[in-house]
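Each remark here refers to the structure printed beneath this line.
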Amino acid sequence: MNKNKLRLVFLAIPLIFVFNISVNADVEVLPGTKAASKSTESSSSGNSNSAMSLSSTSSTSSVGTLEEIVVTAQKREQSLQDAPIAITAISESTIDDLDIANVVDLAGMAPNVHIINTPSNNTAATIAMRGGTTINPAITWEPTVGMYLDGVYLGKGQGSIFDVADLERVEILRGPQGTLYGRNTLGGAINLISKKPSGAGTSAKVTVGNYGLRQSQLIADYEIGKNIYTKVVMNSKVRGGYVNNNESPYQAAQGVVPNTTSGTELDTIDSKGFKFTVAYEGDKTSVNLSLDKTDQDNKPPFAQLTNTIPNWSTAFGVGASARTGGLKLWPIELFTNTERQAVSHINTPTYETSVVEGTSLTIAREVSLGTLKAIWSKRKTNWDDRLDLDGGPFPIADTERHTNYSAKTLEIQLAGSSDKMEYVIGYYKMQDDAFTANPQSFFGGGQVFKQNYAGSGDSKAIFGQLTYSFSETTDVTIGVRKTREDKEGFKEYVGIISASGKGSFEDTTGTFILSRDYSENTNLYFKVAEGFKAGGFNAESSNPFAAATPYAPETISSTEFGLKGKYFNNRMMLNVAYFDNEHEDMQISYFTANAAAASEVINNSADISGLEIETTTIINDSTRLMLNLGTLDSEFTGNKTASDGYLLEQVPYSPETTIYASLEKDFGNYRMRLDHSRIGEHPTFPYNSKDPRAALTTLASRGTTDFRLLTEPMDNLQLNFWIKNLTDEGHRMSSIPFGPAFGQLTLSYFSAPRTIGMDLHYKF
């Protein structure tokens with residue numbers, strides 16, 4: 001913890017006593033406040049349908065109440081309004097309304113949270129929180145935002161987009177979670193929480209829509225013995241492509257490669273998955289065993305060519321030349337288009353496959369000191385893709401990636417409480433191993449760069465967090481986590497050269513929170529928190545020796561002030577947070593294309609601050625309005641220069657504003673809701689403003705509006721009619737620049753067009 005943040009802690013400690021005196025003098029604790037609710041928290045179920053946030057009720061027939069929100073972000077159940085951290089909680093009803101099944105479905109909902117499909121892929125996610133992100137979800141790099149499924153850490157971005165059917169709740173924790181979560185949570189964490197088996201019976205869901213969308217889900221949930229439950233969830237999703245790949249209008253004599261995939265579709269989805277769970281719920285002991293697997297066979301999104309230098313083909317040899325391996329490159333600039341296309345002419349057969357599977361075992365036992373819990377997991381990912389990187393009918397740039405990844409985790413935690421104290425202590429261990437074969441070819445395949453890279457890690461941590469109640473209205477929380485990670489990196493150009501490296505990284509991070517019930521409906525908190533992400537190896541760099549020397553760990557020191565309140569007889573919820581994050585040795589992804597399409601991590605310092613406002617208002621008994629606003633002010637404070645000589649300048653994925661608005665109106669027999677998300681202009685890479693790539697990869701402000709009509713024609717049947725991207729906006733979602741070595745050839749990936757469909761839910 002740096003000196004400035006340490007001073008703030010010591011300045012804050014005397015406020016405890018000030019708060020204590022003032023509260024005893026003028027505040028009466030009423031039902032519904034923290035003091036009154038603590039006694040009920042232990043009896044609240046983690047499966048409670050009352051955990052509402054982005055929807056005010058679990059019923060489609062009314063929006064007239066704001067119900068209590070129960071979260072488990074601090075490894076124990078508590079009211080959202082009592083939790084002194086910035087959380088967006090998405091309830092079961094909202095999940096059903098919006099058909100949320102994976103992490104990308106959460107895009108735009110939480111302030112200062114930016115989630116997209118990684119450029120070129122449907123099964124890899126890029127997640128940014130409060131300006132912290134890992135642009136490239138390379139299998140050897142660590143994410144900046146932690147993703148968890150039922151308490152199990154999902155360690156990589158590759159393969160992280162898969163449908164999790166039957167979600168109960170999603171918790172988006174913003175800001176460093178360096179105590180209770182720890183590993184790679186400098187930006188924050190996303191918790192996907194499934195419904196536990198409960199004997200609810202059988203239900204089915206069917207979705208149909210344009211572009212050939214067909215989706216089905218079957219859930220069988222039964223009690224098979226005393227306190228023993230089993231649940232089987234099966235789901236499948238098929239969707240045609242948004243882009244038709246047709247034969248080029250030009251001839252092979254003009255440099256075009258005959259298109260063997262003519263008439264096929266790009267950006268398709270073909271996914272099948274299942275999850276099997278068996279659970280025992282005894283008086284003092286609970287056991288939960290889950291097995292899940294998702295198999296996806298997709299066509300990746302179309303890599304649309306949006307820029308080249310004038311006369312690109314002349315510069316790179318329209319006629320046959322040694323530079324192009326004897327290949328004729330007829331003007332590719334004719335295929336440049338800055339608007340979303342529905343037709344392409346790529347020459348390379350593309351594919352994207354992902355098989356993600358996992359096993360987890362959770363055992364919890366009530367003991368004299370509290371609840372002792374053990375979470376063991378094993379996860380595996382097999383992921384492959386092949387991409388046409390130039391977006392046209394010419395054999396200029398192709399790449400493939402073939403990845404294997406496995407991870408084992410174990411977490412043991414003890415959570416308990418007394419009259420004035422609540423605590424969590426624990427141990428965490430993770431072992432993972434990754435390998436990628438990445439052949440690339442340029443200018444006709446005259447030379448194929450056969451490169452492999454790999455990485456492995458062994459992470460261990462001990463942690464503890466204690467909350468002490470100085471009074472019925474004032475709490476202090478102190479947390480500490482000690483982490484050590486041992487890593488290895490490897491890179492080779494097959495048959496040419498190879499390099500490897502080993503390194504150990506360790507750090508101790510802390511959390512200090514002072515929270516107070518200022519009144520019966522307003523809670524205030526002050527938080528100082530740290531985060532740590534271990535260093536690693538630039539195995540994806542074009543420099544083969546980069547894998548031998550580690551880049552530095554990243555640390556973050558964060559200060560946050562927050563307010564949480566309910567007003568107007570609980571008809572309005574208002575949560576506000578202001579934060580200032582100081583990043584030391586921020587791990588910045590930098591894309592280059594000198595000898596090959598490659599990325600490297602550059603350490604640089606940054607200062608990012610912002611404001612977040614979340615509010616939900618019941619306007620009347622039938623109308624609900626929700627507004628979420630985030631602002632960011634970000635800048636690099638270091639003076640690091642990339643290998644191309646440019647000074648890093650723009651913090652990637654750090655828009656000045658994010659907005660989410662939802663209007664819901666109940667008409668008795670049906671409900672209507674409009675959801676609008678907007679994200680401000682932002683860069684996607686840390687390029688310098690003097691670098692032409694900066695303008696080419698800066699994305700304009702964009703907004704998307706969705707419409708839904710929801711009705712229940714009978715007790716067991718729910719119908720949802722929806723239109724996504726109502727106005728059919730065609731925004732650039734991401735861009736990849738190949739720089740001067742490729743004549744500023746730049747690819748872009750666009751938002752999905754307007755889609756229309758219907759969900760049918762039936763409970764047997």
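Return a yes/no flag: does the stretch 140-154 have any residue that is buried (at least 23 other Cβ atoms within 10 Å of the Cβ), small (G, A, S) and assigned to a loop (DSSP other than H, G, I, E, B).
Checked against the condition, which is being buried (at least 23 other Cβ atoms within 10 Å of the Cβ), small (G, A, S) and assigned to a loop (DSSP other than H, G, I, E, B), the stretch 140-154 yields no hits at all.
Out of the residues in the stretch 385-416 that are hydrophobic (A, V, I, L, M, F, W, C) and either within 20 Å of K156 (Cβ to Cβ) or at pLDDT below 95 (or both), state the one that is nearest to the chain's Cα centre (by Cα).
For the stretch 385-416, the residue satisfying everything is A407.
Which number in (1) part of a strand (DSSP E or B); (2) within 22 Å of S120 (Cβ to Cβ) marks the one condition that Y211 misses?
Evaluating Y211 over (1) part of a strand (DSSP E or B); (2) within 22 Å of S120 (Cβ to Cβ) leaves (1) as the failure.
Among the residues of the stretch 108-115, is any within 21 Å of V651 (Cβ to Cβ) and in contact with a helix residue (DSSP H, G or I) (Cβ under 8 Å, 6 or more places away or on another chain)?
The answer is yes; a qualifying residue exists.
If the requirement is being part of a strand (DSSP E or B), on the phi < 0 side of the Ramachandran plot, touching a residue at least 60 places away in the same chain (Cβ under 8 Å) and buried (at least 23 other Cβ atoms within 10 Å of the Cβ), which of these qualifies: L173, L186?
Only one candidate qualifies: L173.
Counting just the residues of the stretch 695-733 that are surrounded by fewer than 19 Cβ atoms within 10 Å (Cβ to Cβ), over 22 Å from V104 (Cβ atoms) and among the aliphatic types (A, V, I, L, M), which one comes out farthest from the chain's Cα centre (by Cα)?
M714
From the set of residues in the stretch 353-371 that are surrounded by 17 or more Cβ atoms within 10 Å (Cβ to Cβ), more than 20 Å from the chain's Cα centre (by Cα) and not hydroxyl-bearing (S, T, Y), which is nearest to E411 (Cα to Cα)?
A364
Residues checked against (1) crowded, with 23+ Cβ neighbours inside 10 Å; (2) among the basic types (K, R):
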{"position": "A547", "(1), (2)": "yes, no"}
{"position": "F561", "(1), (2)": "no, no"}
{"position": "K564", "(1), (2)": "yes, yes"}
{"position": "V576", "(1), (2)": "no, no"}
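Kindly provide the set of residues from the stretch 671-713 that are without any contact (Cβ under 8 Å) to a residue 60 or more places away in the chain and either of a type in the set (S, T, Y) or assigned to a loop (DSSP other than H, G, I, E, B) (or both), ordered by number.
Correct list: G680, E681, Y687, N688, S689, K690, D691, T697, T698, A700, S701, T705.
Criterion first (over 30 Å from K566 (Cα atoms), surrounded by 21 or more Cβ atoms within 10 Å (Cβ to Cβ) and either of a type outside the set (A, V, I, L, M) or in contact with a strand residue (DSSP E or B) (Cβ under 7 Å, 6 or more places away or on another chain) (or both)) does I608 satisfy it?
No: the conditions fail for I608.
Can you name the condition, by its number, that N382 falls short on among (1) of a type outside the set (D, E, K, R); (2) surrounded by fewer than 22 Cβ atoms within 10 Å (Cβ to Cβ); (3) under 30 Å from R76 (Cα atoms); (4) modelled with pLDDT of 95 or more?
Looking at each condition in turn, N382 falls short on (3).
Only one of these conditions is not met by V206: (1) over 17 Å from M758 (Cα atoms); (2) surrounded by fewer than 21 Cβ atoms within 10 Å (Cβ to Cβ); (3) of a type in the set (A, V, I, L, M). Which number is it?
The one condition V206 does not meet is (1).
Could you give every pair whose Cβ atoms fall below 7 Å, whose first residue belongs to the stretch 296-318 and is more than 30 Å from K272 (Cα to Cα) and touching a residue at least 12 places away in the same chain (Cβ under 8 Å), and whose second residue is among the hydrophobic types (A, V, I, L, M, F, W, C) and assigned to a strand (DSSP E or B), counting only separations of at least 6 or pairs across chains?
Partner pairs satisfying both residue conditions: L305/L747; T306/L747.
Restricting to the stretch 474-487, name every residue that is over 30 Å from L574 (Cβ atoms) and surrounded by 19 or more Cβ atoms within 10 Å (Cβ to Cβ).
R481, T483, E485, K487
Has the stretch 139-147 got at least one residue that is under 22 Å from N452 (Cβ atoms) and of a type in the set (A, V, I, L, M, F, W, C)?
Looking for residues that are under 22 Å from N452 (Cβ atoms) and of a type in the set (A, V, I, L, M, F, W, C), one finds at least one in the stretch 139-147, hence yes.
Tally the residues that are touching a Pro at 6+ places or on another chain (Cβ under 8 Å), surrounded by 17 or more Cβ atoms within 10 Å (Cβ to Cβ) and either charged (D, E, K, R) or closer than 21 Å to S677 by Cβ (or both), restricting the search to the stretch 632-650.
Looking only at that region, the number is 1.
Which residues, taken from the stretch 241-294, are on the phi > 0 side of the Ramachandran plot, crowded, with 17+ Cβ neighbours inside 10 Å and over 33 Å from the mean Cα position of the chain (by Cα)?
If the condition is that a residue be on the phi > 0 side of the Ramachandran plot, crowded, with 17+ Cβ neighbours inside 10 Å and over 33 Å from the mean Cα position of the chain (by Cα), then G255 is the only one that fits.
Anything in the stretch 42-74 that is in contact with a strand residue (DSSP E or B) (Cβ under 9 Å, 6 or more places away or on another chain), at pLDDT 50 or above and surrounded by fewer than 20 Cβ atoms within 10 Å (Cβ to Cβ)? List them, or say none.
Filtering the stretch 42-74 down to residues in contact with a strand residue (DSSP E or B) (Cβ under 9 Å, 6 or more places away or on another chain) leaves 42, 44-57, 59-66, 68-74.
Adding the requirement that they be at pLDDT 50 or above leaves 62-66, 68-74.
Correct list: S62, G64, T65, E68, T72.
Has the stretch 363-372 got at least one residue that is touching a residue at least 12 places away in the same chain (Cβ under 8 Å) and closer than 27 Å to V238 by Cα?
no
Name the single residue that is nearest to the chain's Cα centre (by Cα) among those in the stretch 532-545 being surrounded by fewer than 24 Cβ atoms within 10 Å (Cβ to Cβ) and in a loop (DSSP other than H, G, I, E, B).
Selected residue: G535.
Test Y525 against the criterion of being surrounded by fewer than 21 Cβ atoms within 10 Å (Cβ to Cβ), of a type in the set (F, W, Y), outside any loop (DSSP other than H, G, I, E, B) and in contact (Cβ under 8 Å) with a residue 12 or more places away in the chain, and give yes or no.
Judged against the criteria, Y525 is not a match.
Residues in the stretch 665-673: is at least one in contact with a Lys or Arg (Cβ under 9 Å, 6 or more places away or on another chain), surrounded by 22 or more Cβ atoms within 10 Å (Cβ to Cβ) and under 21 Å from L611 (Cβ atoms)? Before you say what the answer is, go through the steps one by one.
Of all residues in the stretch 665-673, those in contact with a Lys or Arg (Cβ under 9 Å, 6 or more places away or on another chain) come to 665-666, 671-673.
Keeping just the survivors that are surrounded by 22 or more Cβ atoms within 10 Å (Cβ to Cβ) gives 666, 671, 673.
Okay, now just the ones that are also under 21 Å from L611 (Cβ atoms), so none.
No: zero hits.
State which residue pairs qualify: first residue under 17 Å from D388 (Cα atoms) and among the charged types (D, E, K, R) and inside the stretch 430-450, second residue at pLDDT 90 or above and surrounded by 15 or more Cβ atoms within 10 Å (Cβ to Cβ) in any location, beta carbons under 6 Å apart, and separation of 6 or more residues or different chains.
Every condition considered, the pairs that remain are K450/P439.
Consider V145 against the criteria (1) touching a Ser or Thr at 6+ places or on another chain (Cβ under 8 Å); (2) more than 25 Å from L410 (Cβ to Cβ): it satisfies all of them except one. Which criterion is unmet?
Only one criterion in (1) touching a Ser or Thr at 6+ places or on another chain (Cβ under 8 Å); (2) more than 25 Å from L410 (Cβ to Cβ) is unmet by V145, namely (2).
I'm trying to understand the selection: among the residues of the stretch 734-760, which are more than 25 Å from the chain's Cα centre (by Cα) and part of a loop (DSSP other than H, G, I, E, B)?
Residues satisfying the conditions are F738, G739, G743, Q744, L745.
Restricting the stretch 547-560 to residues that are outside any strand (DSSP E or B) and touching a Ser or Thr at 6+ places or on another chain (Cβ under 9 Å), which is modelled with the lowest pLDDT?
Of everything passing the filter in the stretch 547-560, A547 is modelled with the lowest pLDDT.
Could you check how many residues of the stretch 734-764 are more than 30 Å from A204 (Cα to Cα), surrounded by 19 or more Cβ atoms within 10 Å (Cβ to Cβ), modelled with pLDDT of 90 or more and not small (G, A, S)?
Within the stretch 734-764, residues that are more than 30 Å from A204 (Cα to Cα), surrounded by 19 or more Cβ atoms within 10 Å (Cβ to Cβ), modelled with pLDDT of 90 or more and not small (G, A, S) number 7.
The values are calculated or read from the model by the stated rules, or taken from the named source; none is laboratory data. Given the structure is predicted, the values throughout are model-derived calculations rather than measurements. So basically every Cβ, Gly included, is an ideal-geometry build from the backbone, and we count neighbours across all protein chains shown.
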